[in-house]
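Report on the structure given below.
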Amino acid sequence: MADRGGVGEAAAVGASPASVPGLNPTLGWRKRLRAGLAGTGASLWFVAGLGLLYALRIPLRLCENLAAGTSSLISGLIFIFEWWYFHKHGTSFIEQVSVSHLQPLMGGTESSISEPGSPSRNRENETSRQNLSEQNVSGQARWLTPVIPAFWEAKAGGSRECKVWRNPLNLFRGAEYRRYTWVTGKEPLTYYDMNLSAQDHQTFFTCDTDFLRPSDTVMQKAWRERNPPARIKAAYQALELNNDCATAYVLLAEEEATTIVDAERLFKQALKAGETIYRQSQQCQHQSPQHEAQLRRDTNVLVYIKRRLAMCARKLGRIREAVKIMRDLMKEFPPLTMLNIHENLLESLLELQAYADVQAVLAKYDDISLPKSAAICYTAALLKTRTVSEKFSPETASRRGLSTAEINAVEAIHRAVEFNPHVPKYLLEMKSLILPPEHILKRGDSEAIAYAFFHLQHWKRIEGALNLLECTWEGTFHHVSVYPKKELPLFIHFTAGFCSSTAMIAILTHQFPEIMGIFAKAVLGLWCPQPWASSGFEENTQDLKSEDLGLSSG
């Protein structure tokens, strides 16, 4: 009987799935579980740490930090690969893929990838501008085609608000931007901004007939120089060849003059030379396409000089003189409205507090067919705010409701903020102003800086205008991001947690199958107490079987 009992116990132990090497099989499941978990403390601490990180993911902003780190890692890997590819093959991998594979799919041509300053690119630009001119300008004004056809693109090709525009109120490099460098020791303009300006100057002040005049040939090289001293030296060389080189005076006025007075003096010399060259080009405009291209260039130079003279007068306090120059310029060259001279006029009229004239300008240029700007939208909002801001009170308005004039003002502010939501923070001085760039992105932060830099004083001058802007903006737009971040639903969080837990359990089961088996049996025993789920029940069952065997033998 004893032998039979020993055989039964051996069979019971061998049949037990919880048998673990190194553990006493006679111990209960609780002791065996405790003994097994003693050797997996590190794994449990690891699991507990993961659970703690998951619980604190929102306070610690782990998702945002992980996304930022991932983006930085990917950017670094791309940079290393690009450097390696360029070092080995002598060309950019990204550029190669763009030119060889992406551009044909997008309908590009090989000629469109030439360098911005190359003659072929300039000739192509001139041809495209001439075609646009013939389509949009009729009669004798055909040669008045703008050199940057953004206006015509906006009318013919839909909205082009995401392109880079030249800032109509850009500062003078020598007299204003360089002063900032003297004080702070920092460069106010980025290389990208200056490169865009260099492309504008080459397109604006050069043409295919420059080889006919040696001074223009020198200036064509001057606009391509990256070093400011080299550009200034080339301008003086052009003046030595031709004392009436208008573009040379323009370059010196922009970059060498250290005060607005000096810049105005040089621009007046440029105006005298530019008018002479312009009259000569007018007399030869119909002789050949080259003469028409030359007239276009000379027209652009003349318009640029007059516009900068108006800005000099504005900065020196001769505001009425500046307004007159701008009005005459807009009447004489109406197709050049894409240069946004009306924005310069709006700012000068606001300084004069000539609000009726401001409204007249807005009525002409605040049209659905013309490209919008922060200057137009926020100036329209300022005029409507001016009529109600002095007596406006949020408490009173909440009790009695808004009047018709207040509703119009609020709607105008809504329209302005919807066009560029970055402006209110600068007008309300929640963000610090910096010097405006030479180029702006419509509806972007750069446009907001350029607008607020010149128009903040006009908002401050009207009592209560900033208060109404703040109330309207805080109540409607303050908590609305330009790119709103959507909260993930609870189901997504649950699914992520469940999948992560399942993966972790699978890894632990693969590494420690015996211990996880004990752990699973313990959990099942606690949650679902069944007779077959307990190892103690199995031992009792084996004892009963032994007693039954003993009785049957007796």
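Computed from the coordinates by the stated procedures, all read-outs in this text should not be read as laboratory data. No experiment lies behind these values; they were computed from the predicted model shown. No Cβ is skipped: glycine too gets one built from the backbone with ideal geometry, and neighbour counts run over all protein chains shown.
Test of understanding: what is the full-extension gain from LEU441 to GLU390, defined as 0.36 nm times their sequence separation minus their Cα-Cα distance?
Gain on extension, LEU441 to GLU390, equals 15.0 nm.
Regarding the range 251-336, what is the average projected area of its C-alpha convex hull, in nm²?
Average projection, Cα convex hull of the range 251-336: 5.9 nm².
If packing is taken as the mean number of other Cβ atoms within 10 Å per residue, what is the order of 388-398, 203-213, 244-254, highest first?
In decreasing order of mean packing, 388-398, 203-213, 244-254 become 244-254, 203-213, 388-398.
Per-residue HN-Hα couplings for the range 166-181, Karplus 6.51 cos²θ - 1.76 cosθ + 1.60 at θ = phi - 60°, whole Hz, x for Gly and Pro?
Values per residue, Gly and Pro as x: 6, 5, x, 10, 5, 7, 7, 5, x, 7, 10, 5, 5, 4, 4, 5 Hz.
With θ set to phi - 60° and the Karplus curve 6.51 cos²θ - 1.76 cosθ + 1.60, what are the ³J(HN,Hα) couplings of the range 292-309 in order, to the nearest whole Hz, using x for Gly and Pro?
Couplings: 5, 5, 5, 5, 4, 4, 5, 5, 4, 4, 5, 5, 4, 5, 5, 5, 5, 5 Hz.
Can you bin the range 172-324 into rounded, prolate or oblate? Criterion: square roots of the alpha carbon gyration tensor eigenvalues sorted a ≥ b ≥ c, rounded for a/c under 1.5, prolate for a/b above b/c, oblate for the rest.
oblate
As a test of the definition: which semi-axes, in Å, follow for the range 258-403 when you take the square root of five times each eigenvalue of its alpha carbon gyration tensor? Largest first, please.
Semi-axes from the Cα gyration tensor: 40, 19, 10 Å.
Using only the Cα atoms of the range 155-262, build the gyration tensor, take square roots of its eigenvalues as a ≥ b ≥ c, and label the shape rounded, prolate or oblate: rounded if a/c is under 1.5, else prolate if a/b is larger than b/c, else oblate.
Oblate, because a/c is 1.5 or more while a/b does not exceed b/c.
Please list, ordered by chain and number, the residues whose modelled amide H lies under 5 Å from the amide H of HIS439; skip anything fewer than 5 residues away on the same chain.
ASN167
What is the calculated FRET efficiency for LYS186 to ALA360, with r their C-beta to C-beta distance and R₀ = 35 Å, to the nearest 0.05?
Computed FRET efficiency for LYS186 and ALA360: 0.25.
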